[in-house]
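The values are calculated or read from the model by the stated rules, or taken from the named source; none is laboratory data. From a predicted model like this one, the values you see are computed outputs, not experimental measurements. Cβ coordinates were reconstructed from backbone atoms using ideal geometry, including for glycine residues, and neighbour counts include every protein chain displayed. Remember, those area values only see protein heavy atoms, side chains included, never the ligands or the DNA or RNA. Shrake-Rupley method; radii C 1.70, N 1.55, O 1.52, S 1.80 Å.
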Amino acid sequence: MTGLLVLALYIGAFFGSFLLAKKIFASAFEKKGFNRLKTVTFGDESAITANRVASIVSVITVFWLWVAFTNSVIPLPKFPGPYSGDMTFTYTAQLEDGSTDDATVTMRVYREDIQQTVDAEGNPGREPSAAEVEPGDGFAKNDTLTVARYGFKVVNVWGNDEVSKKEGSKIVALNGEPIAPGEKVSVPEGTIGLTDKGTPTFAPATGLRMARLYLPAPELVFARFIKLNVEGYQGYKLWEHTGYSLFRVLVGFLLGALVGVPIGYAMGLTGWARGWFDPIVEFMRPIPPLALIPLIIIWFGIGENGKIVLLFLASLWIMIIAARSGVSGVAIAKVHAAYSLGASKSQILTKVIVPNSLPDIFTGARVAMGVCWGTVVAAELVAANVGLGKMIVTASKFQLTDIIIVGIVVIGLIGFAIEVGMRKLEGWLIPWRGKV
């Protein structure tokens with residue numbers, strides 16, 4: 001249900017911000033430069049440029065959704081949060097002779113992320129003291145307990161009653177409503193009910209915000225980011241984890257490009273090379289890199305070689321296909337025109353085929369880099385001691401979600417920076433793309 005709400009809010013933000021920005025920044029939506037002169041732009045990639053206002057609003061929207069669904073202290077609108085405080089409910093106990101008695105249970109719901117008390121020895125504790133209540137008259141006595149937000153408590157109400165469950169006492173009503181074992185009753189503070197064996201339970205209301213275990217607030221992730229750079233994790237600081245991962249990805253990608261591009265050119269230029277490599281490429285291309293990990297360990301061991309080989313294979317097939325597609329996509333009219341002007345085969349290769357195939361190769365390189373970044377986590381599962389993937393996997397075993405998110409954000413930011421850098425490099429090296 002929460003996922004559908006997030007999706008609906010994101011879609012609403014997309015269309016709402018578009019209509020609002022179109023009115024406020026009307027000039028940003030007008031065609032400028034060469035694109036303004038085009039009469040047909042639909043389907044023309046060169047006529048579409050990213051709207052920076054939309055980019056900024058998109059990032060702000062994602063950040064707001066992050067804040068809104070967590071217990072963040074950032075002063076932005078948030079959705080209803082979990083209940084905390086004192087609440088009470090009554091239970092009705094019935095004996096075998098049919099006599100009944102009511103008692104009250106006081107539940108103190110506390111914030112699980114704050115150390116609120118100290119124990120008898122002066123050490124900080126995580127649970128506050130329970131509320132003080134009078135036991136009351138009758139055979140059913142009042143109870144008082146504590147439970148953390150997002151928690152769950154089974155309430156053994158017979159612990160201080162005069163008649164135990166074994167002696168025939170059973171719960172027949174909660175808050176005056178008849179109830180049977182296994183049923184639940186909703187109250188403003190949460191949900192009360194009975195287990196299958198008839199013991200009362202209480203689960204505090206969580207609202208629409210996620211517990212820290214599942215999604216920590218942005219400020220907690222930022223604090224963990226600072227701590228990882230100062231103190232490190234698993235013996236290495238964050239920048240060291242990042243450096244090792246970046247090195248492995250770059251080496252694996254460069255080796256894949258150095259081997260893949262020549263093979264792709266050969267497949268695009270000669271029928272023998274196409275026939276020789278095509279079965280291998282088409283067989284290996286659909287196999288995910290994760291499936292190769294056992295063989296990589298057997299063949300190359302658990303050192304750096306195994307990780308780099310895995311990343312090499314992740315990029316190799318993409319670069320082969322990109323180069324082959326680039327060569328095959330060169331317009332034959334350009335080749336004929338070069339021949340008619342007296343060009344040799346080597347000149348056609350260097351002056352016609354290579355320049356016209358570079359756009360496809362750069363597209364393949366961008367895809368390959370993304371796949372390598374996606375594979376680095378799997379590559380660092382191969383007995384790595386350091387790396388972003390290793391850091392994420394180790395943190396997941398201890399449910400350190402903030403470290404996991406830091407690793408994911410760093411991987412995403414570096415991947416984004418590489419993508420933007422390759423776009424700039426492509427625009428510098430291939431200024432003719434989309435113009436010839």
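Per-residue ellipticity at 222 nm for the chain, helices alone: DSSP H runs ≥ 4 residues times -39500 (n - 2.57), over residue total, nearest 500 deg cm²/dmol?
Working: 12 runs with 210 residues, N = 436.
So the calculated ellipticity at 222 nm is -16000 deg cm²/dmol.
Using 0.36 nm times the number of residues separating residue 49 and residue 398, minus their current alpha carbon distance, what extension gain do you get? Could you put the intermediate results ahead of the total?
Numbers: separation 349, 0.36 × 349 = 125.64 nm, distance 4.38 nm.
Gain in length upon complete extension: 121.3 nm.
Around residue 191, which amide H atoms from residues at least 5 apart in sequence, or from another chain, sit under 5 Å from its own amide H, with H modelled in the peptide plane?
Hits under the 5 Å cutoff: 203, 205.
HN-Hα J couplings of segment 182-189 from phi, Karplus 6.51/-1.76/1.60, θ = phi - 60°, integer Hz, Gly and Pro as x?
x, 9, 9, 10, 8, 10, x, 8
To the nearest 0.05, how large is the calculated FRET efficiency for residue 162 and residue 64 if R₀ is 45 Å and r is the Cβ-Cβ distance? Write down the numbers at each step before the final one.
On the way: r = 55 Å, r/R0 = 1.22.
E(calc), rounded to 0.05, equals 0.25.
Using label points projected 7 Å from each Cα along Cα→Cβ, tell me how many nm separate residue 187 and residue 240, to one decimal.
5.2
Using a Gaussian network for the chain with springs between C-alpha atoms less than 10 Å apart, which of these wobbles most: 403, 308, 348?
Taking springs between Cα atoms under 10 Å, the residue moving most is 348.
What are the residues whose amide H is under 5 Å from the amide H of residue 103, where those residues sit 5 or more places off or on another chain and H is modelled from the backbone?
Hits under the 5 Å cutoff: 91, 93.
With P(r) over Cα pairs in 10 Å bins from 0, in percent defined as stated, name the option among (i) 5, 23, 34, 28, 10, 1; (ii) 4, 21, 28, 24, 15, 6, 2, 0; (iii) 4, 14, 17, 18, 17, 12, 8, 5, 3, 1, 0, 0 computed from the structure displayed.
Checked against the structure: label (iii).
Please compute the length gained on full extension between residue 247 and residue 344, using 0.36 nm multiplied by the number of residues separating them and subtracting their Cα-Cα distance.
On the way: separation 97, 0.36 × 97 = 34.92 nm, distance 4.06 nm.
Length difference between fully extended and current span is 30.9 nm.
Report the full-extension gain for the segment residue 354 to residue 385: residue separation times 0.36 nm, less the Cα-Cα distance, to one decimal in nm. Provide the component values of the computation, followed by the final result.
Working: separation 31, 0.36 × 31 = 11.16 nm, distance 4.14 nm.
Roughly 7.0 nm would be gained on extension.
Could you list log10 I(q)/I(0) for segment 332-381 at q = 0.20, 0.21, 0.26 Å⁻¹, which the Debye formula gives when each Cα is one point scatterer?
The Debye formula, applied to the Cα set alone, gives -0.69, -0.73, -0.89.
What percent do you get for the relative contact order of the chain when only Cα pairs under 8 Å and 6+ apart count? Kindly include the intermediate steps, with their values, before the conclusion.
Details: 631 pairs, mean separation 53.8, N = 436.
For the chain, the relative contact order is 12 percent.
Loop-only check: which GluC sites (Glu not before Pro) in segment 184-234 are DSSP coil with at most 14 other Cβ within 10 angstrom? Each step should come with its number before you reach the end.
Working: sites: 189, 219, 231; in loops: 189, 231.
Loop-located and lightly packed - 231.
Quick one: pull the percent of accessible area on segment 166-313 belonging to carbon and sulfur, 1.4 Å probe, ligands and nucleic acids left out.
Numbers: 5520 of 8270 Å².
Answer for segment 166-313 is 67 percent, counting heavy atoms of protein chains only.
How far apart, in nm, are two points set 7 Å out from the Cα along the Cα-to-Cβ line at residue 154 and at residue 76?
Those two pseudo-labels are separated by 4.1 nm.
Report, ordered by chain and residue number, the lysines lying within cross-link reach of residue 390, taken as a straight Cα distance under 27 Å and ignoring same-chain residues fewer than 8 apart.
227, 237, 307
For the chain, with a Gaussian network of springs between Cα atoms less than 10 Å apart, report the residue from 178, 359, 82 with the top mean-square fluctuation.
Its mean-square fluctuation being the largest, the pick is 178.
Please work out the Cα center distance from segment 382-422 to segment 128-196, rounded to the nearest Å.
For segment 382-422 versus segment 128-196, the Cα centre distance is 45 Å.
So if I take the alpha carbon set of segment 260-393, get Rg, then get Rh from the Kirkwood formula, what is the Rg over Rh ratio? Provide the component values of the computation, followed by the final result.
Numbers: Rg = 18.3 Å, Rh = 16.4 Å.
Taking Rh as the inverse mean 1/r over Cα pairs, Rg/Rh reads 1.12.
If I build a Gaussian network model for the chain, linking alpha-carbon pairs within less than 10 angstrom, which residue out of 151, 364, 275 has the largest mean-square fluctuation?
Of 151, 364, 275, the Gaussian network model singles out 275 as fluctuating most.
If we count every other residue with Cβ under 15 angstrom of residue 345's Cβ, Lys/Arg +1 and Asp/Glu -1, where does the sum land?
On the way: positive: 334, 351; negative: none.
Surrounding charge for residue 345 is +2.
Quick one: which residues, 5 or more positions from residue 148 or on another chain, have an amide H under 5 Å from its amide H? H modelled 1.01 Å from N in the peptide plane, none for Pro or chain starts.
Sorted by chain and number, the residues that satisfy this are 110.
Between residue 219 and residue 94, what is the spin-label point distance in nm, taking each point 7 Å from the Cα along the Cα→C-beta axis?
In this crude label model, residue 219 to residue 94 measures out at 5.1 nm.
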